[in-house]
1. Please specify each residue of the range 249-263 satisfying the condition of being surrounded by 21 or more Cβ atoms within 10 Å (Cβ to Cβ) and not hydrophobic (A, V, I, L, M, F, W, C).
2. Could you please give the count of residues in the range 275-305 that are in contact (Cβ under 8 Å) with a residue 24 or more places away in the chain, in a loop (DSSP other than H, G, I, E, B) and surrounded by fewer than 23 Cβ atoms within 10 Å (Cβ to Cβ)?
3. Identify, by number, the condition in (1) among the hydroxyl-bearing types (Ser, Thr, Tyr); (2) assigned to a helix (DSSP H, G or I); (3) surrounded by 24 or more Cβ atoms within 10 Å (Cβ to Cβ) that Thr192 doesn't meet.
4. Can you tell me which residue in the range 124-153 is nearest to Lys194 (Cα to Cα), limited to those that are hydrophobic (A, V, I, L, M, F, W, C) and more than 13 Å from the chain's Cα centre (by Cα)?
5. Quick check on my filter: what residues within the range 117-156 are of a type outside the set (Phe, Trp, Tyr), part of a loop (DSSP other than H, G, I, E, B) and more than 30 Å from Ala189 (Cα to Cα)?
6. Just checking, does the range 223-243 include any residue being free of Cβ contacts under 8 Å to residues at least 12 places away in the same chain, in the same structural domain as Ser309 (by TED's automatic domain parsing) and not in a loop (DSSP other than H, G, I, E, B)?
Amino acid sequence: MEARHLPTIQDITSASKTIFGVACVTPLVEAPALSRRFGRQVFLKLECFQPTGAFKIRGAYNKISKVMESHVVAASSGNHGIAVAYSSHLLGKKCTIVVPENAVEEKIRRMEDFGAEIVKFGKYSDERGTKAKKLAKEYGAALVHPYDDPDIIAGQGTCGLEIVSQLKEFDSVIFPVGGGGLISGSSIAIKTKKPDVKVFGAEPEGAPKLHEALRAGHPITLESPKSIADGLIPNSVSELTFEAVKKHVDESFTVSDNHILAAVKLLLKDAHVLAEPSGAASLAVLLSTHDLSALGERVVIVVSGGNISLSLLSQLLSNR
């Protein structure tokens, strides 16, 4: 059985070399209008500028470049599937993605553009995850989990590694949290390089799987997570990602869907950055009623993705 362990800073550094030239070193820029609004320096780490529109390419390419099988299978609400399809296309592998029945059509089309076979199944992450496992066994394919995998976590951790190389002084970083791959890998990198920096998560109120896990002391499974942020609604974090969070993450905030949508509009209006709801959840923390003193004077907001549907964007722009 394959050994499972959290990646080290050396693993994350190695992953950065593996993904070089495929995933971008994304911009990290101050947003002056947001800084004025919130009374602190606000910096944006723009993962929405990745070639697949989200950070997921980091972990997906790092993982798929290591598998021996010629066929890979993944379960995804969208961005992981796009990244797996893109990586498989680059690496010459066949690809099957299991998506929820209500998946965003624009995301499905992008997977198909990269040659993926699409299987629609269920509404929740555990349903499509089970289906993906069955298909991987049937096809003799490699299963590419969206977050419960050391190679995925190491790849996502390159985002944190970039942040510490791009910004000399900062007090905190806020990451959107789905299954925990991005925050777990990046927190390892950040806390190794800058142990005094605080790392926070941002989750929808309707899918507080990390917040509840931290309260319980172990991963918990939500019955029916719901949110406009479709990339942040897995039923739970994994044992592996929770292990990293326990060691390196200071707190996970919950935010309402209204605040998430307001954050999407604010990023577009004040920073000219197009983010999907999942990618804007980190900024929603600053719009919420949470005590912001813990964030310090220099906060990095990770905008994790920009694959917003045209219908939602149209609704947001018409509701001024």
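1. Ser252, Thr254, His259 - these are the residues of the range 249-263 that are surrounded by 21 or more Cβ atoms within 10 Å (Cβ to Cβ) and not hydrophobic (A, V, I, L, M, F, W, C).
2. Total meeting the criteria: 4.
3. Answer for Thr192: the failing condition is (3).
4. For the range 124-153, the residue satisfying everything is Val144.
5. Gly122, Lys123, Gly140, Ala141
6. Scanning the range 223-243 turns up no residue that is free of Cβ contacts under 8 Å to residues at least 12 places away in the same chain, in the same structural domain as Ser309 (by TED's automatic domain parsing) and not in a loop (DSSP other than H, G, I, E, B).
Residue-wise test of (1) touching a residue at least 60 places away in the same chain (Cβ under 8 Å); (2) in a loop (DSSP other than H, G, I, E, B); (3) of a type in the set (Phe, Trp, Tyr).
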| position | (1), (2), (3) |
| --- | --- |
| Leu6 | yes, yes, no |
| Phe43 | yes, no, yes |
| Cys48 | yes, no, no |
| Lys66 | yes, yes, no |
| His89 | no, no, no |
| Glu101 | no, yes, no |
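Here is a yes/no grid of residues against (1) within 26 Å of Ser16 (Cβ to Cβ); (2) of a type in the set (Phe, Trp, Tyr); (3) under 20 Å from the mean Cα position of the chain (by Cα):
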| position | (1), (2), (3) |
| --- | --- |
| Pro32 | no, no, no |
| Ser65 | yes, no, yes |
| His89 | yes, no, no |
| Arg110 | yes, no, yes |
| Gly115 | no, no, no |
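The values are calculated or read from the model by the stated rules, or taken from the named source; none is laboratory data. Being a predicted model, the structure only gives us computed values, none of them experimental. Virtual Cβ from ideal backbone geometry, glycine too; neighbours counted across all protein chains shown.
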